[in-house]
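Below: the structure, in structure tokens.
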Amino acid sequence: MLNSVQLSNYIITHKERFLQELIDFLRIPSVSTDPQYREDVREAAEWLASHMKHIGIENVSIHPTRGHPIVIGEKIVDPALPTVLVYGHYDVQPPDPYDLWESPPFQPVIREEKIYARGAADDKGQLFIHLKAFEWMNSVRYFPCNIKFIFEGEEEIGSPHLPPFLTHHAERLSCDAVLISDTSLLSMEHPSVTIGLRGLSYFEVEFQGPTHDLHSGVYGGAVPNPANALARFIAGLHADNGRITIERLYDAVLPPEPEEFEVIEFMRRFDDRLKQETGVRELTGEKGYSAYEQTALRPSLDVNGMWSGYQGEGSKTIIPASAHAKFSIRLVPDQRTDEVNQLVKKHLEKHTPPGIKATLKILHGGDPYLLSVHSPEYRAAAAAIEDVFGKKPLPLRTGGSIPIVTHLRKTLDAQAVLLGFGLDSDAIHSPNEHFGIKNFLTGIETIPHFYRHYARFCCT
Ligand SMILES: [Zn+2]
């Protein structure tokens, strides 16, 4: 039995120590992208491993990679119980620009019930939630699940060494579910669980016209201009109603689950905030859809760069020989990058104007992610939130991508649930990153409830 009074008393009693330990962890400048911090990243891995051992996690080991180390550990109580793998990252973004920080990024301070430091919310503070939840569970020997941990030091640079590590250690890391705290709640009043991430297909297209730049007076009118042609091609990628015109692109797009209608309604209130945030006067896009639907539940296509012809001072009257653009499509379930790449290729072949040679390069991509609200993973997260926050969470999708989530799912054949306790206002990746102490403590309280519910829902 989970004794929730005992759990909250433990958190209250040990609050100051928890914060002091987190401050020690945050003090280590584990900036993964900058080689001058290499030793600090290693020190953070060692600090983490020794703390994990100290609180009773077993088989803790540090695995060097060609980049930064991966730290793993586990507590296997009974092979018959479900196993949850906790993923987190102990590396942080660079702190620059330094002079915009009100207090130094690696000298953590507490102001107005928030802890200020680089990594406070992303992700050291959220990772630490799991260690403190474990500490309590171990102190009362309450383990409804087996728990494994994997913490990497390269998330902020795209996790280059994690996929091969997962493949190589798939058996050691085998699990029923992956639990990740590296996202935000809508707010403390409106808790949420992230169920969806968009995928990506990224392209570069070249339109080739004449063999070399031409005099636009001598040839203009008769010779195809690749810049004119590319502009028309790109303009044609959207219809007047905002829909993308690529044939069959929407075939695989799933409608929202009925449980999502409440969150769609709720999110309409943020349309105006989006205008303020971005400084645009009007929102555009697909007719009939709110900003939330368009940025999280619908595919979107954006030009990311375009170049052609003369770009220096003054004028130069040419027909350029070539024109280029980079564009990308954000994908939603159940679209697949491979299929979308083929559709774009076909669309380009069909719509290449006469006299133009088009070349398409596929740059990179990743499939979208969706956790069903009927899955044991979501149900356990929702029940845990309800226990602690006193209300059901909203099942939220976000427009961005976290590629490691799809890797974890594919390699370990387990669903991942994104149960984050940050807030969008935490200034992650920016100066004055912070994490609310209430968010930190509430997170610690929520996690043991997740294990309790997961053991009930899983495998039944
Ligand atoms: Zn993160």
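The one condition from (1) in contact with an Asp or Glu (Cβ under 7 Å, 6 or more places away or on another chain); (2) charged (D, E, K, R); (3) modelled with pLDDT under 95 that Arg243 does not meet is (3).
Among residues of segment 1-30 that are in the same structural domain as Trp136 (by TED's automatic domain parsing) and closer than 19 Å to Pro104 by Cβ, those with a Cβ under 6 angstrom from a residue that is of a type in the set (Asp, Glu) and in a loop (DSSP other than H, G, I, E, B), sequence gap 6+ or separate chain, pair up as Ser30/Asp91. If only residues of segment 254-290 that are at pLDDT 90 or above, of a type in the set (Asp, Glu) and under 21 Å from Leu301 (Cα atoms) are counted, the one that is farthest from the chain's Cα centre (by Cα) is Glu282. Being farther than 20 Å from Asn146 by Cβ, surrounded by fewer than 23 Cβ atoms within 10 Å (Cβ to Cβ) and away from the ligand (no atom under 16 Å from the Cβ) holds for only one residue in Pro64, Pro79, and it is Pro64.
Condition check for Asn138 on (1) surrounded by fewer than 21 Cβ atoms within 10 Å (Cβ to Cβ); (2) at pLDDT below 95: one failure, at (2). When each of Ser375, Ser401 is tested for being in contact with a Gly (Cβ under 9 Å, 6 or more places away or on another chain) and surrounded by fewer than 20 Cβ atoms within 10 Å (Cβ to Cβ), the lone residue that passes is Ser401. Here Ser174, Ser192 are screened, and the one residue that is of a type outside the set (Phe, Trp, Tyr) and crowded, with 17+ Cβ neighbours inside 10 Å is Ser192.
Identification of strands (runs of 3 or more DSSP E) wholly contained in segment 365-438 with 2 or more residues that are among the acidic types (Asp, Glu) and in contact with a strand residue (DSSP E or B) (Cβ under 6 Å, 6 or more places away or on another chain) yields no element. Out of Thr352, Thr406, Thr359, Thr317, one residue alone is of a type in the set (Ser, Thr, Tyr) and either touching a Phe, Trp or Tyr at 6+ places or on another chain (Cβ under 7 Å) or within 26 Å of Ser181 (Cα to Cα) (or both). It is Thr406. Looking at the structure I just gave you, is His89 surrounded by 15 or more Cβ atoms within 10 Å (Cβ to Cβ) and more than 22 Å from Pro160 (Cβ to Cβ)? No; evaluated as a whole, the condition is false for this residue. Scanning segment 170-191 for residues that are within 23 Å of the chain's Cα centre (by Cα) and either free of Cβ contacts under 8 Å to residues at least 12 places away in the same chain or away from the ligand (no atom under 16 Å from the Cβ) (or both) yields Ala170, Leu173, Ser174, Cys175, Asp176, Ala177, Leu186, Ser187, Met188, Glu189, His190, Pro191. Taken together, Tyr142, Tyr116 contain a single residue that is over 29 Å from Glu58 (Cα atoms), away from the ligand (no atom under 16 Å from the Cβ) and touching a residue at least 24 places away in the same chain (Cβ under 8 Å), which is Tyr116.
For (1) outside any loop (DSSP other than H, G, I, E, B); (2) surrounded by 15 or more Cβ atoms within 10 Å (Cβ to Cβ); (3) out of contact with any helix residue (DSSP H, G or I) (no Cβ under 8 Å at 6 or more places or on another chain); (4) aromatic (Phe, Trp, Tyr), each residue gets a yes or a no:
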{"position": "Gly242", "(1), (2), (3), (4)": "no, yes, yes, no"}
{"position": "Ala252", "(1), (2), (3), (4)": "no, yes, no, no"}
{"position": "Pro255", "(1), (2), (3), (4)": "no, no, yes, no"}
{"position": "Phe261", "(1), (2), (3), (4)": "yes, no, yes, yes"}
{"position": "Glu265", "(1), (2), (3), (4)": "yes, no, yes, no"}
{"position": "Arg269", "(1), (2), (3), (4)": "yes, no, yes, no"}
{"position": "Asp272", "(1), (2), (3), (4)": "yes, no, yes, no"}
{"position": "Lys275", "(1), (2), (3), (4)": "yes, no, yes, no"}
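Among the residues of segment 124-147, the ones that are in contact with a Pro (Cβ under 7 Å, 6 or more places away or on another chain) and part of a helix (DSSP H, G or I) come to 3 in all. If we scan segment 54-77, do we find a residue that is touching a Cys at 6+ places or on another chain (Cβ under 8 Å), outside any loop (DSSP other than H, G, I, E, B) and not charged (D, E, K, R)? Scanning segment 54-77, I find no residue that is touching a Cys at 6+ places or on another chain (Cβ under 8 Å), outside any loop (DSSP other than H, G, I, E, B) and not charged (D, E, K, R), so the answer is no. Each residue in segment 148-169 was checked for being within 13 Å of the ligand (Cβ to nearest atom), in a loop (DSSP other than H, G, I, E, B) and farther than 23 Å from Leu370 by Cα, and 2 pass. If you filter segment 177-187 down to residues that are out of contact with any helix residue (DSSP H, G or I) (no Cβ under 7 Å at 6 or more places or on another chain) and either assigned to a loop (DSSP other than H, G, I, E, B) or among the acidic types (Asp, Glu) (or both), you find that the one that is surrounded by the most Cβ atoms within 10 Å (Cβ to Cβ) is Thr183. Within segment 397-404, identify whether any single residue is more than 16 Å from the ligand (Cβ to nearest atom), over 21 Å from Pro82 (Cβ atoms), in the same structural domain as Tyr98 (by TED's automatic domain parsing) and modelled with pLDDT of 95 or more, and answer yes or no. For segment 397-404, residues more than 16 Å from the ligand (Cβ to nearest atom), over 21 Å from Pro82 (Cβ atoms), in the same structural domain as Tyr98 (by TED's automatic domain parsing) and modelled with pLDDT of 95 or more: present.
Scanning segment 22-51 for residues that are part of a helix (DSSP H, G or I) and closer than 13 Å to Pro95 by Cβ yields a total of 4. Within segment 20-51, can you find the residues that are closer than 26 Å to Asp387 by Cβ and in contact with a Leu (Cβ under 9 Å, 6 or more places away or on another chain)? Passing the criteria: only Glu21.
The values are calculated or read from the model by the stated rules, or taken from the named source; none is laboratory data. Not measured: the values here are computed from a predicted model. For neighbour counting, all protein chains shown are included, and Cβ atoms are generated from backbone atoms with ideal geometry for every residue, glycine included.
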